[in-house]
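The values are calculated or read from the model by the stated rules, or taken from the named source; none is laboratory data. What you see is a predicted model; the values in this text were computed from it and never measured. Virtual Cβ from ideal backbone geometry, glycine too; neighbours counted across all protein chains shown. Protein only, heavy atoms only, side chains kept; ligands, DNA and RNA dropped before computing areas. Shrake-Rupley method; radii C 1.70, N 1.55, O 1.52, S 1.80 Å.
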Amino acid sequence: MEKRETLDRTLKPHWVWAIALGSSIGWGSFVMPATWMGQAGPAGVIIGLGIGALLMAIIAISYGVLIRNFPVSGGEFAYAFLGLNRTHAFISGWFLTLGYICIVALNATAFALMLKFIFPNFIQQGKLYEVAGWDVYLTEILIVSTLIFLFAVMNIRGSSLSGRMQFIFCLLLILAVVTVSTFMVGSPVTSLSNLSPAFSPNISTLGAILTIVAIAPFAYVGFDNVPQAAEEFNFSSKKALTLIMLAIVFAWVIYALMIVATAVATPWIETSEAGQLWGTGTVVQEILGTWGLIILAIGLSMGIFTGLNGFMISSSRVLFAMSRGKVLPSIFSRLHNKHHTPHWGIIFTAIIVLIAPFFGRNVLGWVVDMSSVGVSIAYFYTCFTAFKILRWKDDGEIDSAREIVAPAKKSIAMLGMISSIGFLLLLLVPGSPAVLGKESFIALGVWIVVGLIFYLVKRKDLMSYKRKDLAYFILGKDQFDLKDSKDEEKQFTDGAV
């Protein structure tokens, strides 16, 4: 049998926590508060994101079970194969790759958006054209391209470097958020009364909260980067769930602090309806002056950097795992001779992301919105697989290699499946307060069609491998060694659930 490539174990626990937290926060907590408040009101956003965090924590328990028992790169791709078959693994990996690469692109273009707010005359030079109402400038393209190149180089040079930098970025992000929030709330010209009304007057309280709950897969996507790096842990995989939970809690607190910091400046309805390029940046500059804006810009930059770095790590690992599992060309599972990183996956991610600034953020926003569907699908596969391998009780027929007696966790995995379906319904059902826009539905349809074509082209080659061989490539011999017997082949034949 051909050699199975494996990644070096170089990631420390606090680096992995930083990957989860930094990826979850990204640019959203700094750029989106005014927009979110316009949809739900300050309390609606904080409560909605709190419920979202709770639902993510429920889903995360299934991740903890699977990471502990199957610490391999690929995350949801590997779990879909374990719980179902290679076709479902392809579906999960296909949507997950899209979601991760889109978020890398969105973070990169957010950096140019911040600079456009702070240095508009510098950024708005060399206008090329307009796309969906968004002006595209040459300066903006050059800045985003440079940023992507730098992070690609850093990731190619090794996970230890990218992990260490991620932790530093996270510490600076937290320091910036705490500083800005403290001074905004403590300023003599701000007032907590500006948070009134607590909910948007244009929508019911329940509708306001559900609107925000529906974006939880987008707001917290990033904690699921942990399983992508599981193969590179230099510590016990038992710690993974604790690191994920800490990241989710920290993320919700940071979101809440930035909502309050934005809302206390002036009556929040005025801030939301002003239509500012960066609502939070505008009110912070008005209240705290230039120094406050600088600290906020540092925090936003760190959020962008952690999102860029975290999702570049994850997208390259998903591509690596899919290639190792014979779904993608073998080039993606080749490792760098010196740094031993999946450099072709990193290069591919960077090349695709370099296209983003040419289309403008409005078009990219449509793609990112629909990628929330893909992330929710990946969550479902994870919870389904956890539910499948967990058992209510020991009936004497437990397969110790794949099944665990844990009735409480099995119940939680079921709740995770229900939550994932709920997210999908909120995004897809017409009339839902968070249903995708027409453009996002079109982008989703295009991605599905492209994926179907790719699968049909690759299907014959993919089906030529026995399941036990794919199990070795995807999950590793030590984690999942199927016996070469007719009973095993029949029991785990593709298509069985």
Sole residue being out of contact with any strand residue (DSSP E or B) (no Cβ under 8 Å at 6 or more places or on another chain) and open to solvent by 10 Å² or more (accessible area, probe 1.4 Å), chosen from Val249, Val177:
Val249
Is there a residue being in contact with a strand residue (DSSP E or B) (Cβ under 8 Å, 6 or more places away or on another chain) and open to solvent by less than 10 Å² (accessible area, probe 1.4 Å) anywhere in the stretch 90-110?
no
Failed item in (1) modelled with pLDDT of 90 or more; (2) within 21 Å of the chain's Cα centre (by Cα); (3) in a helix (DSSP H, G or I); (4) over 30 Å from Glu286 (Cα atoms), with Thr87 passing the rest:
(2)
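Determine which member of the set Phe387, Phe348, Phe380, Phe332 is at pLDDT 90 or above, open to solvent by 20 Å² or more (accessible area, probe 1.4 Å) and within 17 Å of the chain's Cα centre (by Cα). Explain how you work it out, then say what you get.
Numbers: Phe387 fails: within 17 Å of the chain's Cα centre (by Cα); Phe348 fails: within 17 Å of the chain's Cα centre (by Cα); Phe332 fails: within 17 Å of the chain's Cα centre (by Cα).
That would be Phe380, the only listed residue that is at pLDDT 90 or above, open to solvent by 20 Å² or more (accessible area, probe 1.4 Å) and within 17 Å of the chain's Cα centre (by Cα).
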Hey, any hits in the stretch 72-82 for a residue that's open to solvent by 30 Å² or more (accessible area, probe 1.4 Å) and at pLDDT 90 or above?
no
When the stretch 416-465 is checked residue by residue, the ones that are loosely packed, with under 15 Cβ neighbours inside 10 Å and outside any helix (DSSP H, G or I) are Val429, Pro430, Gly431, Gly437, Ser464
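For the structure I just gave you, tell me whether Val185 is out of contact with any Leu (no Cβ under 7 Å at 6 or more places or on another chain), part of a helix (DSSP H, G or I) and more than 27 Å from Ala356 (Cα to Cα).
Details: out of contact with any Leu (no Cβ under 7 Å at 6 or more places or on another chain): yes; part of a helix (DSSP H, G or I): yes; more than 27 Å from Ala356 (Cα to Cα): yes.
Here the answer is yes, as Val185 does meet what is asked.
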Would you check which residues across the stretch 167-204 are in contact with a Gly (Cβ under 7 Å, 6 or more places away or on another chain), at pLDDT below 95 and either small (Gly, Ala, Ser) or more than 22 Å from Thr280 (Cβ to Cβ) (or both) and list them?
Ala198, Ser200
Going by the conditions given, is Ile47 closer than 17 Å to Leu246 by Cα, open to solvent by 10 Å² or more (accessible area, probe 1.4 Å) and either at pLDDT 95 or above or in a helix (DSSP H, G or I) (or both)?
no
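Just to be sure before I move on: is Ser196 small (Gly, Ala, Ser) and open to solvent by less than 60 Å² (accessible area, probe 1.4 Å) in the structure I sent?
Against the criterion (small (Gly, Ala, Ser) and open to solvent by less than 60 Å² (accessible area, probe 1.4 Å)), Ser196 does not qualify.
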